[in-house]
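Trainee: Handing you a structure now.
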Amino acid sequence: MKMNSLRNIAVLLTLTWSVFGTVSAENDCETPNGKKGRCISIIECGSLLPLVKENLSTDEKDFLTKSVCRQGTRQVCCPDPPKIDREELLLPPNCGKTSLTGRIYGGTTTDIDEFPWTALLIYTKANGEKVFRCGASLINDRYVVTAAHCVRKQVIPANWRLTGVRLGEWDVETSQDCQFDRRGNQLCSDPPIDFSIEEEICHPLYNDTIKKYDIALLRLQEKVNYNNFTSPICLPESTTFSTSNYDDVTMGIAGWGLTEQFRKSQKKLKALIRGENLERCKAKYRMDIDNTQICAGGEKGVDSCNGDSGGPLMIGQSFNGRESFILVGVISFGPTPCGQKGFPGVYTRVDTFISWIQNTIRK
């Protein structure tokens with residue numbers, strides 16, 4: 001986080017406190033979009049902290065200006081819930097563990113126990129039929145991270161309802177998944193489990209039209225019991241995790257999205273992609289893409305695609321000699337059709353939302 005960004009925000013907040021925002025003695029206030037909030041320092045507000053950056057868009061500057069709530073301070077009306085009995089983020093070696101045995105000789109199909117945090121979102125149509133539409137990533141025993149556009153009612157079809165999260169899946173066409181290793185030994189997973197959703201939490205700055213802040217948390221109705229086929233991925237500890245916007249960094253994606261044959265894959269797939277420069281990415285899309293996002297990919301035929309939305313962009317890190325995977329991005333949007341040469345996919349950058357996640361998840 002740059003100090004000149006903080007100075008600019010401080011000036012903006014100081015100049016506008018008298019115009020917008022109201023606050024009571026109990027620190028209660030109302031956000032610009034009509035939600036209840038608390039008047040606190042912007043540094044303590046996980047959902048507004050991503051606005052502490054250079055080159056705010058007009059909409060972002062307007063929202064921040066209207067969020068000011070106290071004279072002569074950097075205090076804003078923050079919609080985040082108070083920190084009460086919060087859950088600590090998992091750290092290696094308690095997360096991010098995956099199969100590295102290489103059972104598959106070629107292709108892009110994952111191993112049966114590879115990336116055990118990948119989840120599928122279940123939608124129920126008006127006729128009762130259940131379908132998978134988006135992906136997600138398990139981050140602890142009660143929460144998955146996904147894209148906000150997979151949750152918002154304005155984005156999913158009108159007659160669909162988000163009703164559940166499936167964990168422990170590999171092959172969506174079989175009731176129990178099995179795979180042979182190179183020696184001919186068969187490994188079978190536990191049956192996948194469908195969890196009901198207790199709470200849907202989209203990032204409060206998400207806007208259906210500008211495609212930023214495309215991140216959401218889903219709280220599961222019950223706790224998840226971990227095993228070799230269902231376990232959480234690690235989250236980056238802070239925004240200092242990377243300062244390079246992942247330019248030219250090799251990262252992994254996984255999901256059941258559309259394949260080259262324009263149908264969803266029966267089995268979980270994976271691919272490696274490289275980070276792309278944000279300025280070049282912005283020029284390709286001719287839209288505002290900033291440091292709350294990551295661009296990656298652009299190789300012909302290798303891309304995340306429809307049905308992968310909300311799924312993970314991952315990077316492997318070595319901790320005490322053991323590799324653990326970190327969730328660096330959430331699949332947000334890309335070109336149509338997918339996999340066009342020179343057009344990277346765009347991902348929500350998770351480390352810029354760690355404060356919001358920490359302020360939101362609870363035991």
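Trainee: Run down ALA158, ALA119 and say which single residue is surrounded by 14 or more Cβ atoms within 10 Å (Cβ to Cβ) and either under 30 Å from MET287 (Cα atoms) or under 16 Å from the mean Cα position of the chain (by Cα) (or both).
Mentor: ALA119
Trainee: Please verify whether segment 166-180 includes one or more residues that are touching a helix residue (DSSP H, G or I) at 6+ places or on another chain (Cβ under 9 Å), open to solvent by less than 10 Å² (accessible area, probe 1.4 Å), closer than 18 Å to PRO116 by Cβ and not in a loop (DSSP other than H, G, I, E, B).
Mentor: Checking segment 166-180: not a single residue is touching a helix residue (DSSP H, G or I) at 6+ places or on another chain (Cβ under 9 Å), open to solvent by less than 10 Å² (accessible area, probe 1.4 Å), closer than 18 Å to PRO116 by Cβ and not in a loop (DSSP other than H, G, I, E, B).
Trainee: Looking only at segment 53-62, decide whether some residue is modelled with pLDDT of 80 or more and open to solvent by less than 60 Å² (accessible area, probe 1.4 Å).
Mentor: yes
Trainee: Here's something else I'd like to know. I'm told GLU198 meets every condition in (1) in contact with a Lys or Arg (Cβ under 6 Å, 6 or more places away or on another chain); (2) at pLDDT below 95 except one. Can you identify the failing condition by its number?
Mentor: (2)
Trainee: Take LEU278 and tell me if it is of a type in the set (A, V, I, L, M, F, W, C) and modelled with pLDDT under 90.
Mentor: Considered against the rule, which asks whether it is of a type in the set (A, V, I, L, M, F, W, C) and modelled with pLDDT under 90, LEU278 comes out as no.
Trainee: Of the residues ILE43, ILE9, ILE84, which is open to solvent by 50 Å² or more (accessible area, probe 1.4 Å), closer than 28 Å to ILE294 by Cα and at pLDDT below 85?
Mentor: ILE43
Trainee: While we're looking at this one, here's another question. Going by the structure shown, is PHE229 out of contact with any strand residue (DSSP E or B) (no Cβ under 8 Å at 6 or more places or on another chain), surrounded by 16 or more Cβ atoms within 10 Å (Cβ to Cβ) and in contact (Cβ under 8 Å) with a residue 12 or more places away in the chain?
Mentor: Against the criterion (out of contact with any strand residue (DSSP E or B) (no Cβ under 8 Å at 6 or more places or on another chain), surrounded by 16 or more Cβ atoms within 10 Å (Cβ to Cβ) and in contact (Cβ under 8 Å) with a residue 12 or more places away in the chain), PHE229 qualifies.
Trainee: Can we say SER196 is open to solvent by less than 80 Å² (accessible area, probe 1.4 Å), of a type in the set (S, T, N, Q) and free of Cβ contacts under 8 Å to residues at least 60 places away in the same chain?
Mentor: It is true that SER196 is open to solvent by less than 80 Å² (accessible area, probe 1.4 Å), of a type in the set (S, T, N, Q) and free of Cβ contacts under 8 Å to residues at least 60 places away in the same chain.
The values are calculated or read from the model by the stated rules, or taken from the named source; none is laboratory data. Remember, it's a predicted structure, so these values are computed and weren't measured experimentally. Reconstructed Cβ throughout: ideal geometry from the backbone, glycine too, with neighbour counts over all protein chains shown. The area values use the complete protein model at the heavy-atom level, side chains included, leaving out ligands, DNA and RNA. Shrake-Rupley method; radii C 1.70, N 1.55, O 1.52, S 1.80 Å.
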